[in-house]
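To start, the structure itself, in structure tokens.
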Amino acid sequence: MEVSRFRLLFLTLLAASVLPGCAMFSRNRDAAPETAAAAQPPADDAGKSIIEPQVERREIKRPKIEASDFEVGVYGGILSIEDFESNAVYGARLAYNLTEDFFLEASLGRSRAGRTSYENLSGSAEILTDSERDYTYYALSAGWNALPGEVFVGKNRAYNTAFYLVTGIGSTRFGGDDLFTVNAGFGYRILPTDWIAVHFDVRDYIFDTDLLGKKKIVNNLEAHLGLSFFF
């Protein structure tokens with residue numbers, strides 16, 4: 001009877017210690033496939049293609065701007081000599097570009113004075129001789145490219161431009177006298193190529209004169225169109 005009780009107690013203790021371990025082993029075995037599936041990295045989408053942008057590249061031409069500091073040119077236009085009508089003027093200019101913004105200029109121009117209103121009304125009276133009507137000037141000026149920019153012609157062409165201011169001093173030979181002259185004005189320049197420039201200038205040449213019997217300051221306005229070359 002005691003042996004039976006001892007066996008029953010032994011079997012009870014054995015069941016209490018073995019059954020929980022079996023249950024735990026069963027749970028771990030069921031969860032293993034899920035853990036393995038979760039740890040496996042996703043397969044690459046081999047069927048999907050990568051979109052590559054089709055960008056059409058355009059050819060860019062770099063401007064060939066040469067370092068040409070000197071500029072020589074000719075011009076022609078109209079000069080209004082105060083009290084002596086307006087007549088054609090022509091001349092030449094030489095410029096040196098100090099920087100992109102500033103330049104020095106030497107110019108030489110010639111024109112011929114007309115008749116005054118007194119001469120036209122009197123008929124025969126001549127204030128100046130024929131040789132004294134020759135009008136010649138030279139000027140040394142400094143210029144400032146105040147508004148550099150571009151002008152567009154159509155969709156595919158652009159040209160460099162500049163609006164500039166000029167002032168300087170010089171001398172005018174007129175009426176048999178050499179007159180100290182101050183000049184001031186403005187101009188507009190456009191470059192069709194990197195070695196040619198087209199200019200439109202307006203200048204005022206100012207000096208003292210007493211040709212009409214009374215000394216006064218006269219303003220002689222000039223407007224001209226010019227063509228110059230860089231070298």
Notebook entry, point to check: How do the peptides 141-148, 98-105 rank, highest first, by the average count of neighbouring beta carbon atoms within 10 Å per residue?
Noted result: 141-148, 98-105
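On the protein heavy atoms, probe 1.4 angstrom, tell me the percent of accessible surface of segment 174-231 carried by carbon and sulfur. Working shown, then result.
Working: 2060 of 2990 Å².
Whole-percent figure for carbon plus sulfur exposure: 69.
Subtracting the Cα-Cα distance from 0.36 nm times the residue separation, let me have the gained length for Asn219 to Asp178 in nm, one decimal. Can you show the working numbers first?
Details: separation 41, 0.36 × 41 = 14.76 nm, distance 1.59 nm.
Residue separation times 0.36 nm, minus the Cα-Cα distance, leaves 13.2 nm.
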Checklist line | For Thr181, distant residues with modelled amide H under 5 Å away | finding: Gly170, Ser171, Thr172
Next item on the list: Evaluate the distance, in nm, between pseudo-label points positioned 7 Å from the Cα of Leu147 and of Phe163 along their respective Cα→Cβ axes.
Entry: 0.1 nm
Note to self: Please compute the modelled spin-label separation between Leu212 and Trp195, points set 7 Å along Cα→Cβ, answer in nm with one decimal.
What the structure shows: 4.9 nm
Note to self: Whole-Hz ³J(HN,Hα) for each residue in segment 182-192, computed from phi via Karplus 6.51 cos²θ - 1.76 cosθ + 1.60 with θ = phi - 60°, x for glycine and proline: what do you get?
What the structure shows: 10, 10, 8, x, 8, x, 10, 10, 10, 10, x
Next item on the list: Compute the FRET efficiency between Lys155 and Glu85 as 1/(1 + (r/R0)^6), taking r as their Cβ-Cβ distance and R0 = 45 Å, and round to the nearest 0.05.
Entry: 0.45
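The values are calculated or read from the model by the stated rules, or taken from the named source; none is laboratory data. All of these numbers come straight from a predicted model, not from anything done at the bench. Backbone-built Cβ (ideal geometry, glycine too); neighbour counts: all protein chains shown. With ligands, DNA and RNA removed, areas are computed over all heavy atoms of the protein, side chains included. Shrake-Rupley method; radii C 1.70, N 1.55, O 1.52, S 1.80 Å.
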